[in-house]
Each structure stands twice: as C-alpha cells, then as structure tokens.
Amino acid sequence: MPVIRLDKYISERSDYSRSQIKSLAASGKIVVNGAIVKKSDTKIDLESAAVEVCGIPVSASKFRYILLNKPDGYVSSTEEHDGISVMQLIPPELRKKGLFPAGRLDKDSLGALLITDDGELAHRMLSPKSHVPKIYLVKLDRSFESKYIDIFADGIKLSSGEICLPARVKAVENCDKLAFIELFEGKYHQVKRMFAAVENHVEKLMRLSVGGLILPENLGLGQCMELLHKDVENLFSPPDFDRFCADYVGYFSAFMLNNQ
Ligand code: URA
C-alpha cells in the first residue's frame, strides 16, 4: 500500500504549514481513521486514510476544485491590483496553497468560475484545442435582433479587427432583452465586444456553464462548492446548447431581471 507522512499529506491538501501540523498533532487535534495521532511524521495509507484536523475532514484529493458563483465587484486573479480578489470568497476550510482562478470573468460579471490548484487541468480546460464551450446569459440594453444569430454564427469582426470564432446565440423566449450565448474562446471582454459590434450593449453578464460544469441554481452569489475530480472531468462533456437554454431559462432569467 502506498504510504505518506501525515504532515506531508495534510500540508499538500490544506493551508497548514508543517510546523503548524506538528503542534496541532501534539495537542491532539489530528485524527486519522477515528484515532488521535500525536506525531506528525506518522506514516498513513495514502489511499484509504480519513484525516481530520480540528474536527474538519481533510479532502482526500491532492488537487482542489472549487466552483464559485462570482459576484459583481471581485477580480478574477490572485492579486488585488484592481479590486478585491475572488480568492477572498473561499471559506477557510477550502483554502489551500496554490489555488488560482482558472479563466477570467470581468470584475462586473457574475457566475461560474472554477478555482483550482490543478495547473494541468486548468491548462487543458483553457486550451482552444479542448473546445470547452462556455455559456453566458446576458441582459441587453436594446432588444435582441434575430440577425445576431447569423452574424455571430459567421464569426463576427470586433471593432479592433479581431475575428471571433463562430458562436451560437439565442434570445430568451418572451424576454427580448435576455439572450444566451455560447463561446469556444475567451478574448478580452469578448461577449461585451460582440454585442457592441452589433450596436447593442451588455448591461449584465452571468456565466452559467464552463463545459459540462453547470452553475447550480442553489449556489448563491458569492458562494463556493467543492467539486470532486470526477465532477471536474464533466468539463469535457459539455451540454447541448439548445437543450441547456430550455432547461435553465426560468431561474436564471428571473435572477437577471430581478437583481440589479
Ligand atoms: N465576456 C465578457 O465580455 N466578459 C466576461 O466576463 C466574460 C466574457
């Protein structure tokens, strides 16, 4: 059976340093498989150990995956240059060294943001070769026009001259200022610039999905949930756009219309 030192196991999966782990163990705060372990250099079974620190289970996964419903006013970076970092929203029990937001949402954008310390997965997810689509719901200043469907499908040219990959867009039924849009790339302010190129304006933008990771309706703004590695692999099995729009229209449309 593969074994690992207890302090290495915990420090790789939490924000605790080895010296903190040593003193926590000495004071009886670390439990492995139901029994207090006082020596932090004890070897434990890597695959089956259930470890708790101060009564809180340590995630067995080496990497952490957190889905955040990003609120307005937070920046998608680990630094605090332009505002408060989304990292401030992570509850203490999920914090860990090396976490970063995989991908960006603008400071005023809302919705699904994956935060992880798995650089390989983030790279795979963000690589254009993986074709991971992202679906956004936007609130527009002016009514949606059906001509947008073909213009976006053909690959719209932005005012900068950049050409976008073909994208799908769909108005929300009975609500001509709300639309879903699906992108396979992530240029700077892309959704806003695409609607600006058809002389409309995005007033509010919420990302509802990243590949097959879908923002749950019960995850409030500013809330986080830990995902398992197997859930994260869903990233690479995205939903069908039309089906998604039909399934998610109710709750999120009401949210976009009612929350300023
Ligand atoms: N497109 C935008 O314009 N803003 C975002 O935050 C994401 C996509």
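Quick notes on this structure:
- Rounded to the nearest Hz, the phi-derived 3J(HN,Hα) couplings of region 115-131 under the Karplus curve 6.51 cos²θ - 1.76 cosθ + 1.60 (θ = phi - 60°) are 10, 8, 10, 8, x, 5, 5, 4, 5, 5, 5, 8, 5, x, 5, 7, 6, where x marks glycine and proline.
- Carbon/sulfur fraction of accessible area - the chain, other protein chains in place, 1.4 Å, %: 52
- Vicinal HN-Hα couplings computed from phi for region 22-36 (Karplus, 6.51 cos²θ - 1.76 cosθ + 1.60; Hz; Gly/Pro x): 4, 6, 5, 5, 4, 8, x, 8, 10, 10, 10, 6, x, 10, 5
- Region 3-57, relative contact order in percent, only Cα pairs under 8 angstrom and at least six apart counted: 39
- Note on region 65-258: antiparallel DSSP beta bridges, both residues inside, total approximately 90 percent of the bridges counted.
- The charge dipole of the chain, taken about its Cα centre with unit charges on the Cβ atoms of Lys, Arg (+1), Asp and Glu (-1) only, comes to about 840 debye.
- Taking the inverse of the mean 1/r over every pair of distinct Cα atoms in region 1-160 gives a Kirkwood hydrodynamic radius of 18.9 Å.
- Under 5 Å from the amide H of residue 227 lie the amide H atoms of 65, 66, 67, each residue being 5 or more positions distant or on a separate chain, with H modelled from the backbone and absent for Pro and chain starts.
- Residue-wise HN-Hα coupling along region 132-138, computed from phi with Karplus coefficients 6.51, -1.76, 1.60 (Hz; x: Gly, Pro): 7, x, 10, 10, 10, 10, 10
- Signed unit charges on C-beta, dipole axis of the chain, positive-most listed residue 84, 73, 169: 84
- Inter-part distance where region 115-158 and region 172-211 are each reduced to a Cα centre, Å: 8
- Legend: P(r) of region 3-57 from all alpha carbon pair distances, 5 Å bins from 0, whole percents, reading 4, 24, 38, 27, 6, 0.
- For residue 170, a cut-off of 22 angstrom between C-alpha atoms picks up these lysines, skipping any fewer than 8 places away in its own chain: 134, 139, 147, 157, 187, 192, 204.
- Amide hydrogen neighbours beyond the local backbone of residue 14, cut-off 5 Å, H modeled: 97
- Alpha-carbon centroids, region 64-114 and region 240-255: separation in whole Å: 24
- Heavy atoms of residue 116: accessible area, 1.4 Å probe, square angstrom to 10: 0
- Å² of accessible area per residue within the chain, as computed with a 1.4 Å probe and no ligands counted: 50
The values are calculated or read from the model by the stated rules, or taken from the named source; none is laboratory data. The shown structure was predicted, so the numbers you read here are calculated from the model rather than taken from an experiment. Note that we place each Cβ from the backbone using ideal geometry, even for glycine, and neighbour counts take in every protein chain shown. We work out accessible area using only protein heavy atoms, side chains counted, and drop any ligands, DNA or RNA first. Shrake-Rupley method; radii C 1.70, N 1.55, O 1.52, S 1.80 Å.
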